[in-house]
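Contents: one structure, followed by commentary.
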Amino acid sequence: MNAQPASAYFIEEREEPLVTHTLSVLVDNEPGVLARVIGLFSARGYNIDSLTVSEVSHERHVSRITIVTTALAGVIVQIKSQLERLVPVHRVIDLTEIAQQNNQDKPLERELALVKVTGKGEARLEALRLADAFKATVIDATTGHFVFEITGRGSKIEQFIEILQPLGLVEVCRTGVAALNRGAEGM
């Protein structure tokens, strides 16, 4: 039985859906910056679905952090606002919001995965056929295993991993999402 807590106030129940947003954050490339950004998420109980970081300008010592997070819409607004207030942060761009403003489903998002599969005989041949169908590349092979490299949307990689599961999937390593908006404008 789900009993409502006793309250003197009217409590409105809302069924607000969770939304997934891809955020691009330009930061100073210096020690501790990533820890501060991640600390913001962990201190407030926000979840990170994917995280990638790389220096994008050696001359200016600037890195780009791409964060995919899922939360209520109001929480996404809070996350962006709190990120913008961090001292080493130059700019926060909500790539998902920009894509939606331009009547696009999502920003351009890609991920890379390395997938190790063992097997012999028919399972080995089936793994090779599936890799070909998914445009995955064999980057290491012996008589007992393959390592495939696959790039694409996260959903494509998820599907590839799921299909290889019964064929001897041993290990998966994923990079996380790299994302850009469509069009000529930069960040």
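Can you pull out the residues in the stretch 63-74 that are surrounded by fewer than 17 Cβ atoms within 10 Å (Cβ to Cβ) and over 12 Å from the mean Cα position of the chain (by Cα)? First the steps, then the outcome.
So in the stretch 63-74, the residues surrounded by fewer than 17 Cβ atoms within 10 Å (Cβ to Cβ) come out as 70, 72-74.
Once the filter is applied, which keeps residues that are surrounded by fewer than 17 Cβ atoms within 10 Å (Cβ to Cβ) and over 12 Å from the mean Cα position of the chain (by Cα), the stretch 63-74 yields Leu72, Ala73, Gly74.
When the residues of the stretch 120-130 are narrowed to those that are more than 22 Å from Ser155 (Cα to Cα) and assigned to a helix (DSSP H, G or I), which ends up modelled with the lowest pLDDT?
Going residue by residue through the stretch 120-130, those that are more than 22 Å from Ser155 (Cα to Cα) are 120-125.
Those left that are additionally assigned to a helix (DSSP H, G or I): 121-125.
Numbers: Gly121: 88, Glu122: 91, Ala123: 91, Arg124: 91, Leu125: 93.
So the residue we want is Gly121.
Looking only at the stretch 13-62, which residues are surrounded by fewer than 13 Cβ atoms within 10 Å (Cβ to Cβ) and small (Gly, Ala, Ser)?
Gly32, Ala35, Gly39, Ser42, Ala43, Gly45, Ser54, Ser57, listed by residue number.
Output yes when any residue across the stretch 51-62 is under 21 Å from Lys156 (Cα atoms) and in a strand (DSSP E or B), and no when none is.
Yes: the stretch 51-62 contains one or more residues that are under 21 Å from Lys156 (Cα atoms) and in a strand (DSSP E or B).
If you check Lys135 against the conditions, is it part of a strand (DSSP E or B), of a type in the set (Lys, Arg) and farther than 26 Å from Val19 by Cα?
Numbers: part of a strand (DSSP E or B): no; of a type in the set (Lys, Arg): yes; farther than 26 Å from Val19 by Cα: yes.
It is false that Lys135 is part of a strand (DSSP E or B), of a type in the set (Lys, Arg) and farther than 26 Å from Val19 by Cα.
Yes or no, residue by residue, for (1) within 18 Å of Leu112 (Cβ to Cβ); (2) surrounded by fewer than 18 Cβ atoms within 10 Å (Cβ to Cβ):
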{"site": "Phe148", "(1), (2)": "yes, no"}
{"site": "Arg153", "(1), (2)": "yes, yes"}
{"site": "Ile157", "(1), (2)": "yes, no"}
{"site": "Phe160", "(1), (2)": "yes, no"}
{"site": "Leu164", "(1), (2)": "yes, no"}
{"site": "Glu171", "(1), (2)": "yes, yes"}
{"site": "Val177", "(1), (2)": "yes, no"}
{"site": "Gly186", "(1), (2)": "no, yes"}
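Any idea how many residues of the stretch 91-114 are in contact with a helix residue (DSSP H, G or I) (Cβ under 8 Å, 6 or more places away or on another chain), outside any strand (DSSP E or B) and either hydrophobic (A, V, I, L, M, F, W, C) or crowded, with 19+ Cβ neighbours inside 10 Å (or both)?
Summing the residues that are in contact with a helix residue (DSSP H, G or I) (Cβ under 8 Å, 6 or more places away or on another chain), outside any strand (DSSP E or B) and either hydrophobic (A, V, I, L, M, F, W, C) or crowded, with 19+ Cβ neighbours inside 10 Å (or both) in the stretch 91-114 gives 1.
Which residue out of Val117, Val138 is surrounded by 15 or more Cβ atoms within 10 Å (Cβ to Cβ), over 22 Å from the mean Cα position of the chain (by Cα), of a type in the set (Val, Ile, Thr) and at pLDDT 95 or above?
Numbers: Val138 fails: surrounded by 15 or more Cβ atoms within 10 Å (Cβ to Cβ).
Within the list Val117, Val138, the selection yields Val117.
Being of a type in the set (Val, Ile, Thr), surrounded by 20 or more Cβ atoms within 10 Å (Cβ to Cβ) and not in a helix (DSSP H, G or I), is that true of even one residue in the stretch 75-90? Walk me through how you get there before you give the answer.
From the stretch 75-90, those of a type in the set (Val, Ile, Thr) are 75-77, 79, 87, 89; that's our starting set.
With surrounded by 20 or more Cβ atoms within 10 Å (Cβ to Cβ) added as a condition, the list becomes 76, 79.
Restricting the remaining residues to those that are not in a helix (DSSP H, G or I) gives none.
Looking through the stretch 75-90, none of the residues is of a type in the set (Val, Ile, Thr), surrounded by 20 or more Cβ atoms within 10 Å (Cβ to Cβ) and not in a helix (DSSP H, G or I).
Please go through (1) over 16 Å from the mean Cα position of the chain (by Cα); (2) outside the structural domain of Leu40 (by TED's automatic domain parsing) for Gln78 and return the number of the only condition it doesn't satisfy.
(2)
The values are calculated or read from the model by the stated rules, or taken from the named source; none is laboratory data. Note that the structure is a prediction, hence the values are computed from the model and not measured. Counting neighbours? That spans all protein chains shown, and the Cβs are built from the backbone with ideal geometry, glycine included.
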